[in-house]
């Protein structure tokens, strides 16, 4: 018997830089600041809430769209923060994390031959998702070094075939946030079109220096065409639980749920009940900006003692630096050298570009215990 040959749908996908760097960090006993998730525990009260749900026997299939009490809690939260009320029954869906949410959106709206605009550098799942749906990826670069949206380039990329544009704020990997003026400009250029907006807002509660997260929900002309993606995993330090949300107008949600019910059907029950209970207290997510800003300041203070050029970190839990004064190596080779010789792992921004564009910038994650950050900074001080 001969094993059948698979004609791959993703010929460009291989071993990612994230896998390479994590393996190298483990081999070299390096401090891994490349991984984009916390190394500390969540609030024990959240674990208790999920445990209680399990002990109460809430362990069978929930409704396909998510339990009503959690969807209502999300509706209340969005209304309080952004002034937009989504109907809990027809406009909010609980998902198996943001990654599942995004591919489900794309499968729901993208037909073969449709174009989808992505702004590079971008999260690594976006492009394969579009390709799996039979769409054509249209890459538009954010402005190098500053990572601001270039609306002339975005407008030039829009064609009659453009089905959607995908934005991410706060942004992974650059840690920039979109301003109100930029969101209004996006609303303006999309207004005469039928282009959908996919707004990846998983770092929504990590915005610093007193600034406000400009959700697409705040802008009527964007909200009417938008799928807004959020993540409980990022917000509550439980990335491994893989639970997120999608808010969208009822007609869009109907199509989203058609796909959702056939790729995951629903999301685990006790975690949903635990999250619903935990959300009755807004303090944990309202306190998140100050929590992460403190870590950002600790990390930036240490980086200031090196030759890195520290770029702004307006949101998310990432810090980018320019390496031009530290090394002549390409970004990817520098990250390997840094891991092996200095003992700290980072991620090259070139990994977030289809072309591998190298602008001498690498990304660190500061969602770590203070002792982890201090150990990394002690090693980086050698630079």
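Derivation of every value follows stated rules applied to the coordinates shown; laboratory data play no part. Treat the numbers as computed from the prediction; the structure is a model and nothing was measured. With ideal geometry, Cβ positions are generated from the backbone for all residues, glycine too; neighbour counts draw on all protein chains shown.
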**Study point:** Sequence ranges 118-128, 12-22, ranked by mean other-Cβ count within 10 angstrom, highest first
**Key:** 118-128, 12-22
Practice item. Sort the following peptides by mean Cβ neighbour count (other Cβ atoms within 10 Å, averaged over residues), highest first: 337-347, 266-276, 52-62, 74-84. Key: 266-276, 337-347, 74-84, 52-62
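What does the highest-first list of 197-207, 88-98, 218-228 look like by mean Cβ count within 10 Å?
Answer by packing, highest mean first, reads 197-207, 88-98, 218-228.
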**Study point:** the range 294-346 and the range 199-262: distance between their alpha carbon centers, rounded to Å
**Key:** 29 Å
Review point. Out of the DSSP beta bridges found with both residues in the chain, what percent are antiparallel (nearest 5)?
Key: 45 percent
Point to revise | Relative contact order, percent, the chain [alpha-carbon distance under 8 Å, six or more residues apart] | key: 25 percent
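Return the calculated 222 nm mean residue ellipticity for the chain, to the nearest 500 deg cm²/dmol, obtained by summing -39500 (n - 2.57) across DSSP H runs with n ≥ 4 and dividing by the residue count.
Working: 15 runs with 147 residues, N = 383.
Here the helix-only value at 222 nm equals -11000 deg cm²/dmol.
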Revision key, fill the gap. Hydrodynamic calc, the chain: Kirkwood Rh from Cα pairs, then Stokes-Einstein at 25 °C with viscosity 0.890 mPa s, so D in µm² s⁻¹ is 113 µm²/s
